[in-house]
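Inspection log for the structure reproduced underneath, given as structure tokens.
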Amino acid sequence: MGLAEPGLPLDTAIVTKLEEAIGWARESSLWPMIFGTACCAIEFMSVAASKYDISRFGAEVVRFSPRQADLLIVAGTVTYKQGPILKQIYDQMSEPKWVISMGACASSGGFYDNYSTMQGIDKIIPVDLYVGGCPPRPEALLDALLTLQADVKTNKYNPDRHKDFKGLLDNV
């Protein structure tokens, strides 16, 4: 069936709101950047592999440059020495941007309660979604991605949502 066949009306118009069209485009084209430091990064690799296939959800364009990404997935243990690097990566991302904290170590320090391990990345950058587990299952990350996509589509995340966030490295 082609467009030139008489069965299709040629004077059809699609009507929608601009906000809904932009939300649909953002929802369907998230470009993640992975900041993987430990075993959670291995679980992210399985999400990108053929069994779970993150590309089915429109997030297959994994970028390794923060200037080309709009979703930062922090997977694994983050030390205080890595904190300034993570903050710089977050700052280099263009708006709108979102952050998923994947695993117990990135979310709360996990079972590493010592002088060198950061007790949650939300001390330096704002986090939109937390994925629990040690390490979390691939399905949990996909569920967080679907939750984020639903919120992005409805424009729940406005650009000023983290305007008042002050992290440990914001005064440096």
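Pairing the Cα long axis of helix 18-27 with the longest principal axis of the chain, what angle in degrees results, from 0 to 90 and rounded to the nearest 10?
The helix 18-27 is inclined about 50 degrees to the chain.
Nearest 500 deg cm²/dmol is fine: what mean residue ellipticity at 222 nm does the chain get from its DSSP H runs of n ≥ 4 alone, each adding -39,500 (n - 2.57), divided by its residue count?
Details: 5 runs with 51 residues, N = 172.
Rounded to the nearest 500, it is -9000 deg cm²/dmol.
Hey, can you grab everything whose amide H is under 5 Å from the amide H of residue 36? Only 5+ residues off in sequence or another chain; H modelled, so Pro and N-termini drop out.
75
Report, by chain and number, residues whose modeled amide H sits under 5 Å from the one on residue 72, excluding near sequence neighbours (fewer than 5 apart, same chain).
Residues meeting the criterion, in which the H sits 1.01 Å from N, are 33, 98, 99, 100.
Tell me, what is the per residue accessible area of segment 18-153 in Å², probe radius 1.4 Å?
Using a 1.4 Å probe on heavy atoms only, each residue of segment 18-153 averages 47 Å².
Between residue 60 and residue 170, what's the calculated FRET efficiency when r is the beta-carbon distance and R0 is 35 Å? Round to 0.05.
Efficiency computed from Cβ-Cβ geometry: 0.60.
For segment 18-153, place one equal point scatterer on every Cα, skip the solvent, and apply the Debye formula. What is log10 of I(q)/I(0) at q = 0.09, 0.15, 0.22 Å⁻¹?
With no solvent term, the Cα-only Debye profile gives -0.24, -0.67, -1.38.
For the cross-link pairs 17/51; 51/87; 87/163; 97/166; 81/163; 17/166, which exceed 27 Å when the distance is taken from alpha carbon to alpha carbon?
Beyond 27 Å between Cα atoms: 17/51; 51/87; 17/166.
Hey, can you rank 142-154, 26-38 by average C-beta count inside 10 Å, highest first?
So the peptides 142-154, 26-38, ranked by packing, come out 26-38, 142-154.
The values are calculated or read from the model by the stated rules, or taken from the named source; none is laboratory data. Quantities reported herein were computed from a predicted structural model and do not represent experimental measurements. Ideal geometry is used to build each Cβ from the backbone, glycine not excepted, and the neighbour counts take in all protein chains shown. These accessible areas exclude ligands, DNA and RNA; they are computed on the full protein's heavy atoms, side chains included. Shrake-Rupley method; radii C 1.70, N 1.55, O 1.52, S 1.80 Å.
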